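Worksheet for the structure shown next.
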Amino acid sequence: MSIRIRLSAAERRRLRSLAEGATVVEVAAAEGYSERHMRRMLADVYRRLGVTGRVPALIAAARMGLLDEDGGTEPGLVTRDRGRGE
């Protein structure tokens, strides 16, 4: 079974920045947020992707096509498998 996840253009842009090697501090500064606030926003994205950290989030995002410039076939909406037996 799979579920659909909605990510904003800004959330997808942040994931792309991290994938390109930017640090959380750099992403936060570029968008005018504190590091702490950016970490909270990213933690929410990680939770929605079903992962617990940056590396697993980037792997999941790459598999879902979120790191592409167009962000996937349907902007802001991706599908994630819920796991076996669910």
Practice problem: Being within 17 Å of Leu67 (Cα to Cα) and of a type in the set (A, V, I, L, M) is the filter here, so list the residues in segment 17-51 that pass it. | Solution: Leu18, Ala19, Ala22, Val24, Val27, Leu42, Val45, Leu49, Val51
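Sort out which residues of segment 1-32 are touching a residue at least 60 places away in the same chain (Cβ under 8 Å) and surrounded by 17 or more Cβ atoms within 10 Å (Cβ to Cβ), and write them in order of number. Steps first, please.
First, the residues of segment 1-32 that are touching a residue at least 60 places away in the same chain (Cβ under 8 Å): 1-9, 12.
Passing the criteria: Ile5, Leu7, Arg12.
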Practice problem: Could you check how many residues of segment 7-25 are within 13 Å of Arg48 (Cβ to Cβ) and outside any helix (DSSP H, G or I)? | Solution: 2
Quiz item: How many residues does segment 43-86 hold that are modelled with pLDDT of 85 or more, farther than 11 Å from Ile5 by Cβ and assigned to a loop (DSSP other than H, G, I, E, B)?
Solution: 5
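The values are calculated or read from the model by the stated rules, or taken from the named source; none is laboratory data. If you're wondering where the values come from, they're calculated on a predicted model, not measured in any experiment. Ideal geometry is used to build each Cβ from the backbone, glycine not excepted, and the neighbour counts take in all protein chains shown.
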